[in-house]
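Beneath this line is the structure, given in structure tokens, with notes to follow.
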């Protein structure tokens with residue numbers, strides 16, 4: 001019975017994504033088996049499932065675990081293959097300690113409420129740790145106003161005001177239309193006339209395009225998303241979660 005159970009587990013594991021068990025067998029009869037033999041195996045499987053319906057959920061759970069492991073491995077490979085673009089792109093702005101022993105990469109959108117939520121904890125972690133290098137990836141995916149805010153932020157680099165402007169944009173609770181963006185820019189000491197001119201620089205488009213391509217390579221489709229060491233971590237992280245991930249990355253060296 002134990003051998004039969006193992007056999008059935010293997011069969012069901014292979015079929016769990018099929019539309020219907022009977023249809024699968026009809027279209028994929030194993031070479032060398034007659035129709036009668038296929039029908040016999042089919043009845044054995046169906047009878048087993050009738051008596052052990054809990055096996056289906058176990059098989060599905062196992063499939064999900066395999067898919068999660070595969071996704072995790074694929075993410076690590078993508079991080080390794082894109083390490084230079086992720087961690088050392090000269091166009092990226094860096095906060096925290098530029099010489100830090102752990103690099104955290106954040107993909108964000110200025111209009112993303114979750115990015116806004118995570119920012120205070122992220123900044124507090126940078127301050128309390130003192131040895132984290134934060135690489136910021138402008139990733140405007142929430143519409144034209146997000147793109148406008150990103151253009152303004154990148155343009156502010158020429159005036160040496162990026163960090164203050166970046167945090168002010170993420171801290172704003174107002175809709176980030178052009179008027180609000182320029183008001184925030186003025187409040188952080190930016191020359192808005194110069195900023196508006198610098199926002200037309202085609203080099204900004206190249207930066208955003210690179211970040212889109214990088215996000216696609218890592219299968220990032222939402223914000224915020226973090227790369228910490230060799231781990232891809234999508235979604236909001238609180239301070240304690242950030243500290244644990246940074247500690248784990250530091251331990252790996």
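The table below gives the values:
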| quantity | calculated |
| --- | --- |
| Euclidean distance of C-alpha centroids, segment 139-171 and segment 37-51, integer Å | 61 |
| Order by protection proxy (mean Cβ within 10 Å, highest first), peptides 39-48, 130-139 | 130-139, 39-48 |
| Prolate/oblate/rounded call for segment 83-252, Cα gyration tensor, a/c under 1.5 rounded | prolate |
| Prolate/oblate/rounded label for segment 98-137 (Cα gyration tensor, a/c 1.5) | oblate |
| Peptides 78-91, 145-158 ordered by average Cβ neighbours within 10 Å, highest first | 145-158, 78-91 |
| Relative contact order of segment 83-252, pairs being alpha-carbon contacts under 8 Å that are 6 or more residues apart, as % | 30 |
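Bear in mind that the values in this text are calculations on the coordinates, not laboratory data. Note that the structure is predicted; figures quoted are calculated from it, not measured. Note that each Cβ is placed from the backbone with ideal geometry, even for glycine, and that neighbours are counted across all protein chains shown.
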